[in-house]
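The values are calculated or read from the model by the stated rules, or taken from the named source; none is laboratory data. Quantities reported herein were computed from a predicted structural model and do not represent experimental measurements. Cβ placement follows ideal geometry from the backbone for every residue including glycine, while neighbour counts extend to all protein chains displayed.
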C-alpha cells in the first residue's frame, strides 16, 4: 500500500513538473521577446537577435516574433557598409519575410513584410532581379491593404512602387521587356494618391512627406516638392532609417531651382 501510494505521489509530482515546465517554456519565450524589445526600440539589432532567435526556437510560428526578427535583419542591412553585406542580410530578412507571410495569411503586416524587404534590396540588385521583384512587391502591398486599408506602411510601399516605375523611360522599359520580362506600369498620379492616404492615416512619419516630395520633384512641380521635402526633413528622427530618408530628401531638394 505504501509503495502504491508513493508511486501515485511520484506520478502526481511528475505531472506537475511537466505542466510547470510547459508553462515555463511559454513564459521564457515571452520574457525573451520582452528583453529583445528593449534592444529593438533602441535600434540594436545584434543584441535584439540574441533574445529573439532563442525565442523563435520555442515559438517558431509566432507571427509577431518573426516580424520582429525580420526587422532586425533589415536593420543589419541598413548598417552594413558594402552592397554584398547588405544583400546578405537582406537575403536572410527576405527568407523570414516569406516565412511570416506564409504563417500569417490574414495579418496585414505579415503580408507586407516581403514587399518591404524586396524594396530595400532593389538598389543593390541587378536589372533582372529588380524586374522580377516589381510584381511581387505590388501583389504583397495590395494584399496587405485588402486585409487592412489603414496600413500606412502598405500605402507608402505602393507609393514608392508607382514612383519608381513612373520614372522608367520608354527606352529602358522596352529594353527591360526584351531582356528580363515585362515591367509593370506605374504613374505619378497613383504615387501621389498613395502617399496622401499614408499621410492621412499617419501624419507623424516623415518618410511619407519626403517620398511624396520626391514624386513631385520628379514631376517638375517644384513648389509642392519643396514644401513636402522641407516638412519631412524638419521632423524629428524616430525610426531606424529616418536619417537615411532625410538624406534622400536633401539630395532631391538640392536639385530643385
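Residues in segment 42-100 that are assigned to a helix (DSSP H, G or I) and at positive phi: how many?
Number satisfying all stated conditions: 0.
Which of the residues spanning segment 235-257 are part of a loop (DSSP other than H, G, I, E, B) and more than 22 Å from residue 39 (Cβ to Cβ)?
Matches in segment 235-257: 235, 255, 256, 257.
From the list 170, 164, 177, 181, exactly one residue is closer than 23 Å to residue 113 by Cβ and either in contact with a strand residue (DSSP E or B) (Cβ under 6 Å, 6 or more places away or on another chain) or modelled with pLDDT under 95 (or both). Which is it?
Checking each option against the conditions leaves just 164.
Within segment 49-63, take every residue that is closer than 23 Å to residue 102 by Cβ and buried (at least 16 other Cβ atoms within 10 Å of the Cβ) and give me the one that is nearest to the chain's Cα centre (by Cα).
Top of the filtered list is 63.
Can you say whether residue 196 is over 26 Å from residue 131 (Cβ atoms) and either surrounded by fewer than 17 Cβ atoms within 10 Å (Cβ to Cβ) or without any contact (Cβ under 8 Å) to a residue 24 or more places away in the chain (or both), as far as the supplied structure shows?
yes
Okay, residues lined up against (1) more than 12 Å from the chain's Cα centre (by Cα); (2) under 19 Å from residue 151 (Cβ atoms):
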{"position": "74", "(1), (2)": "no, yes"}
{"position": "80", "(1), (2)": "yes, no"}
{"position": "83", "(1), (2)": "yes, no"}
{"position": "92", "(1), (2)": "yes, no"}
{"position": "98", "(1), (2)": "no, yes"}
{"position": "104", "(1), (2)": "yes, yes"}
{"position": "109", "(1), (2)": "no, yes"}
{"position": "119", "(1), (2)": "no, yes"}
